[in-house]
Amino acid sequence: MRDYKHLLLANKAWAAERLEESDAYFSRQVLGQKPEFLWIGCSDSRVAPDQLTNTEPGGMFIHRNIANLVNPNDQNLMSVVQFAVEVLKVRHIIVCGHYACGGIDAALGGGVHGHVHDWLAIARDVVKAHADELDALPEEQRANRLVELNVRDQLVQLARTDVVQAAFAAGHPLELHGWVYDLRDGLLKPLMEIDAATPLGDVPTPEKVLL
Ligand SMILES: [Zn+2]
């Protein structure tokens, strides 16, 4: 277990290493950010988006919540999306789930209460929307398939938001990507993409990646 003081010590070492690489590292950071990517992922501590994609500070705008949900009424998420699209003009938004997601397990099996239970309402909607497919699967495959279906539904939800629709209508070159991260091998697995030309009324469910 790392004491919290170790975080501060590690930070000092990290800052010193950056300066060793370049005297101008931090003065460049002060000038501003121009990330090409917005990442919407799960808060799970094992799925650290910039680390697992080798992205330097400044390269990725990041929003994380339990089970990587896109709720158009969530002001936290929607202000991030609006700022990323309208001001930073990101070219890509990635919605990334991960197998063995505790939030997704809870959406399927319950066992949570209070804020977490309330938050997962949208994930439970995904369970209901895909009940036929999920019910037909062996129990051990159900949660991981729900991870994939949840990425699909959140990506479609994101595409329907006012911010993304306005960007598509304005011809902003914006692409939405649905990915899953596999904790077992550290690899990101692309599931699907949506751009301005994608008809949102009939977005197919992605092929099963993990059985
Ligand atoms: Zn998770």
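The values are calculated or read from the model by the stated rules, or taken from the named source; none is laboratory data. Just so it is clear, the structure is predicted and the values come from calculations on it, not from any experiment. With ideal geometry, Cβ positions are generated from the backbone for all residues, glycine too; neighbour counts draw on all protein chains shown. Quick note on the areas: whole protein, heavy atoms, side chains included, nothing else; ligands and nucleic acids left out. Shrake-Rupley method; radii C 1.70, N 1.55, O 1.52, S 1.80 Å.
Heavy atoms only, probe 1.4 angstrom, no DNA, RNA or ligands counted: give me D195, D132 ranked by accessible area, highest first. Can you show the working numbers first?
Values: D195 65, D132 135 Å².
Per-residue accessible area, sorted high to low, gives D132, D195.
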Checklist entry - When only DSSP loop residues count, what trypsin sites (Lys or Arg not before Pro) in the range 121-173 have their Cβ near at most 14 other Cβ atoms within 10 Å? => result R160
Item to check | Euclidean distance between Cα centres, the range 1-46 to the range 158-175, Å | outcome: 30
Checklist entry - In Å and whole numbers, how far do the C-alpha atoms of the chain stretch along each principal axis, longest first? => result 58, 49, 32
Checklist outcome for this item: Amide H contacts under 5 Å for M60, restricted to residues at least 5 apart in sequence or on another chain and with H modeled in the peptide plane, are none
Next on the checklist: List the GluC sites (Glu not before Pro) within the range 17-66 that DSSP assigns to loop and that have no more than 15 neighbouring Cβ atoms inside 10 Å.
Outcome noted: E36
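Using 0.36 nm per residue, how much length does the chain from H6 to A136 gain when fully extended, once their Cα-Cα distance is taken away? Please list the in-between numbers first.
Values: separation 130, 0.36 × 130 = 46.80 nm, distance 4.81 nm.
My answer for the length gained is 42.0 nm.
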Item to check | Solvent-accessible area per residue, Å², over the range 34-202 with all protein chains present [probe radius 1.4 Å] | outcome: 48
Checklist entry - By a straight-distance test (C-alpha under 13 Å), which aspartates and glutamates pair with K128 as possible cross-link partners, with residues fewer than eight away in the same chain excluded? => result D153
Checklist entry - In a GNM of the chain with a 10 Å cut-off on Cα contacts, which of W119, W179, W39 has the highest mean-square fluctuation? => result W119
Checklist outcome for this item: Projected onto the charge dipole of the chain (unit charges on the beta-carbon of Lys, Arg, Asp and Glu, signs +1, +1, -1, -1), the Cα from A16, V147, Y181 with the largest positive-side position is that of A16
Next on the checklist: Amide H of I93 versus every other amide H placed in the peptide plane: which residues, excluding those fewer than 5 positions away on the same chain, fall under 5 Å?
Outcome noted: L38, E175, L176, H177
Checklist entry - Percent of accessible area on the chain owned by carbon and sulfur, 1.4 Å probe? => result 53
Next on the checklist: Tell me the accessible surface of Y4 in square angstrom (1.4 angstrom probe, heavy atoms of protein chains only), to the nearest ten.
Outcome noted: 140
Next on the checklist: How far apart, in nanometres, would the label points at W14 and A169 be if each is projected 7 angstrom from Cα along the Cα-to-Cβ direction?
Outcome noted: 4.1
